[in-house]
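The values are calculated or read from the model by the stated rules, or taken from the named source; none is laboratory data. What you see is a predicted model; the values in this text were computed from it and never measured. When we count neighbours, we look across all protein chains shown, and the Cβ atoms used for this are built from the backbone with ideal geometry, even at glycine.
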Ligand SMILES: Nc1ncnc2c1ncn2[C@@H]1O[C@H](COP(=O)(O)OP(=O)(O)O)[C@@H](O)[C@H]1O
Ligand SMILES: [Mg+2]
């Protein structure tokens, strides 16, 4: 049985595209046939993060409008077997994305892949609603910050009321929280919301905590999903999250700040 | 920059607790209104309509305050009712 997973958040810039790329890559690395679909029509970025921007010929809108077939538009990843990318259009209007068109594509993808990861655009309007409408599972990407938590709560409301599963009265979309850009040091100093706080407020299971990490920027500079940076904290955290998603029992890491050196301890003692 | 300022600049005030408390309150209310059950704005509108049926209310002199709290929310409406007779022109204040 194939699963459609939406990576969503409401708010922009919280790490959806970073997560979609990392997650899809991680699922494929564990042997699952995976495709990652960019729903951010007009603001295509997933191709850059996946490092396949120079190989894009057709996009999801071309497929919806019958100008290309799905197989022609899919780009196979060169590093990881079992992984493909379906890019968004950069030039078309986002209204070119229709519910019927999306349903047809997802049904075809379900025949070809085990996991279909949908990278949602920001907002709670049409684009974001289409990205989540057909989802079986949702990864709600949240930063420990008031506006991000509030927007995640709204997206949870949309999932609960306007997804196809909700409309048809089927089992609800399975929702899990991925807390990203977490800075344990700032949390310890009381400057940033704790993971427990965010989880209390949103009341959904925690899939993982992705620490704030410089490797995310450097990986994106090079077009490498950060999960392939196996030594980086973010890479490890994404890998753990994929394992948990697949049902492995992996305890959470990166919740406490790394031990400070003498220098910074001296500073804190003096302040 | 003095040494003291240097240390201060490194340590912003702890504010995460405020973030948590504010979120808990605002989301509790937003979840209710999402299900279409936030009656407070409607109550406010209807109260003003009822009062306007009996006296002409100067909308500029109607002070409406809504405070969504943790356990209780308060809706405060203060309206100046003009007196019909000229002598008592200072009017009456009604607070609901
Ligand atoms: N864990 C992280 N640590 C540091 N920077 C991050 C992290 N996750 C995301 N970012 C940065 O945040 C920005 C937005 O990320 P992106 O994945 O494009 O978000 P979205 O798709 O939600 O708009 C990018 O510059 C990205 O490099
Ligand atoms: Mg994005």
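For region A:114-130, filtered to residues that are more than 14 Å from ligand 1 (Cβ to nearest atom) and part of a helix (DSSP H, G or I), the residue that is surrounded by the fewest Cβ atoms within 10 Å (Cβ to Cβ) is A:126. With a cut-off of at least 3 residues that are within 11 Å of chain B (Cβ to nearest Cβ) and farther than 22 Å from residue A:106 by Cβ, name the helices (runs of 4 or more DSSP H) lying wholly within region A:131-220. Filter on region A:131-220 gives A:146-162, A:184-188, A:195-202. The single condition among (1) over 23 Å from residue A:34 (Cα atoms); (2) surrounded by fewer than 22 Cβ atoms within 10 Å (Cβ to Cβ); (3) touching a helix residue (DSSP H, G or I) at 6+ places or on another chain (Cβ under 9 Å) that residue A:221 does not meet is (3).
Of the set (1) surrounded by 12 or more Cβ atoms within 10 Å (Cβ to Cβ); (2) out of contact with any strand residue (DSSP E or B) (no Cβ under 7 Å at 6 or more places or on another chain); (3) modelled with pLDDT of 70 or more; (4) in a helix (DSSP H, G or I), all apply to residue B:51 but (2).
Every residue, every condition in (1) farther than 30 Å from residue A:74 by Cα; (2) modelled with pLDDT under 95; (3) within 16 Å of ligand 2 (Cβ to nearest atom), yes or no:
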site: A:128; (1), (2), (3): no, no, yes
site: A:132; (1), (2), (3): no, no, yes
site: A:144; (1), (2), (3): yes, no, no
site: A:149; (1), (2), (3): yes, no, no
site: A:163; (1), (2), (3): no, no, no
site: A:175; (1), (2), (3): no, no, no
site: A:182; (1), (2), (3): yes, no, no
site: A:195; (1), (2), (3): yes, no, no
site: A:225; (1), (2), (3): no, no, yes
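Looking at residue A:42, is it over 26 Å from residue A:240 (Cα atoms), within 13 Å of ligand 2 (Cβ to nearest atom) and surrounded by fewer than 24 Cβ atoms within 10 Å (Cβ to Cβ)? So residue A:42 fits the description; yes.
Here is a check on your reading of the model: is residue A:47 in contact (Cβ under 8 Å) with a residue 12 or more places away in the chain, closer than 19 Å to residue A:95 by Cα and within 16 Å of ligand 2 (Cβ to nearest atom)? It would help to see each step written out before you state the result.
Details: in contact (Cβ under 8 Å) with a residue 12 or more places away in the chain: yes; closer than 19 Å to residue A:95 by Cα: no; within 16 Å of ligand 2 (Cβ to nearest atom): yes.
Against the criterion (in contact (Cβ under 8 Å) with a residue 12 or more places away in the chain, closer than 19 Å to residue A:95 by Cα and within 16 Å of ligand 2 (Cβ to nearest atom)), residue A:47 does not qualify.
Residues in region A:134-149 that are surrounded by 24 or more Cβ atoms within 10 Å (Cβ to Cβ) and either farther than 28 Å from residue A:192 by Cβ or without any contact (Cβ under 8 Å) to a residue 12 or more places away in the chain (or both): A:135 only. Screening residue A:109 with (1) farther than 16 Å from residue A:204 by Cα; (2) outside any strand (DSSP E or B); (3) within 16 Å of ligand 1 (Cβ to nearest atom); (4) in contact (Cβ under 8 Å) with a residue 60 or more places away in the chain gives one miss only, at (3).
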